[in-house]
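Everything on this sheet refers to the single structure shown next.
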Amino acid sequence: MKRLFLICLGLFFSVSSLAAQEGRFVQKDNIFPRVEIVTTMGSIVVELDRSKAPITVNNFLTYVSDKSYQGSVFHRIERDVENDRDFVIQGGGYDKDYDGLHENDPIFNESGNGLKNDMYSIAMAYQDREPHSGTRQFFFNMDNNDHLNPGKDWGFAVFGNVMDGYDTLDKIMAVETRFNEKIGYDFVPKKPVVILNIKMLEQVPL
């Protein structure tokens, strides 16, 4: 009987821990949770916006809470060379060997939420011409990218803004890039820029 009780207790805590890994349970009463993205080039503090992008924020926090972003890289550091301007820093989807990481189910595109792809905002990436295919990859806008906002077509859903660490993003933006045969993509850093951890910060009192 005691053994059965311990097994049931273990199952209870297993289920509870699984539930706790869902982003909707992470600081569930906090509309504007903050995370610190720790990279090999410095840290970035981001404030997320559940009021405008609840699906996207909770999805992102699910990956954060299960430590899934640890060891992933920023695989795309792209400048708009033609117009001599910075464009985006994208990551979260590959490890240091540029192997794809586990993806949860894709989410609904919340690009019509009123948040704009302005400089130093964070947005959800998706596959070309598949606006509801976003899973774990995200990007930082490194200029005011108005063409990524929704219009006649779906845009890219912004779900937060950088609060600190602008200098880190600027340093990442300046790294040397090249074509990577494995993922078939340009603008890949020659030396990997690794996400060491993404950790929750304490809730800011109102």
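Every test in (1) more than 17 Å from Val162 (Cα to Cα); (2) out of contact with any Leu (no Cβ under 6 Å at 6 or more places or on another chain) is passed by Val26 save one, and that test is (2).
For segment 139-162, a tally of residues being in a loop (DSSP other than H, G, I, E, B) and more than 12 Å from Met119 (Cβ to Cβ) returns 9. Within segment 116-134, the set of residues being of a type in the set (Ser, Thr, Tyr) and in contact (Cβ under 8 Å) with a residue 40 or more places away in the chain comprises Tyr120, Ser121.
Of the numbered criteria (1) open to solvent by less than 80 Å² (accessible area, probe 1.4 Å); (2) assigned to a loop (DSSP other than H, G, I, E, B); (3) under 20 Å from Thr40 (Cβ atoms), the one Asn113 fails is (3). Is it the case that Tyr98 is of a type in the set (Phe, Trp, Tyr), assigned to a loop (DSSP other than H, G, I, E, B) and without any contact (Cβ under 8 Å) to a residue 40 or more places away in the chain? No: the conditions fail for Tyr98. Ser133 meets each of the listed conditions (1) within 24 Å of Phe25 (Cα to Cα); (2) crowded, with 18+ Cβ neighbours inside 10 Å; (3) not basic (Lys, Arg) apart from (2). Pairing residues of segment 30-47 that are closer than 17 Å to Val73 by Cβ and small (Gly, Ala, Ser) with residues that are modelled with pLDDT of 95 or more and open to solvent by 30 Å² or more (accessible area, probe 1.4 Å), at Cβ distances under 9 Å and at least 6 apart in sequence or on separate chains, gives Gly42/Asp167; Gly42/Lys171; Ser43/Glu36; Ser43/Asp164. Here Phe87, Phe60, Phe108 are screened, and the one residue that is closer than 24 Å to Asp153 by Cα, in contact (Cβ under 8 Å) with a residue 60 or more places away in the chain and among the aromatic types (Phe, Trp, Tyr) is Phe60.
Among the conditions (1) open to solvent by 70 Å² or more (accessible area, probe 1.4 Å); (2) without any contact (Cβ under 8 Å) to a residue 12 or more places away in the chain, Gly151 misses just one, which is (1). Go through segment 43-65 residue by residue and tally those that are surrounded by fewer than 18 Cβ atoms within 10 Å (Cβ to Cβ), in contact with a strand residue (DSSP E or B) (Cβ under 7 Å, 6 or more places away or on another chain) and of a type in the set (Gly, Ala, Ser). The number of residues fulfilling the criteria is 1. Output the residues belonging to segment 167-206 that are touching a strand residue (DSSP E or B) at 6+ places or on another chain (Cβ under 8 Å) and in a helix (DSSP H, G or I). Of everything in segment 167-206, those that are touching a strand residue (DSSP E or B) at 6+ places or on another chain (Cβ under 8 Å) and in a helix (DSSP H, G or I) turn out to be Asp167, Thr168, Leu169, Lys171, Ile172, Met173.
Scanning segment 76-98 for residues that are farther than 17 Å from Phe60 by Cβ and either loosely packed, with under 15 Cβ neighbours inside 10 Å or not β-branched (Val, Ile, Thr) (or both) yields a total of 15.
The values are calculated or read from the model by the stated rules, or taken from the named source; none is laboratory data. These numbers were taken from a predicted model, which means no experiment stands behind them. When we count neighbours, we look across all protein chains shown, and the Cβ atoms used for this are built from the backbone with ideal geometry, even at glycine. Accessible surface areas use protein heavy atoms only, side chains included; no ligands, DNA or RNA. Shrake-Rupley method; radii C 1.70, N 1.55, O 1.52, S 1.80 Å.
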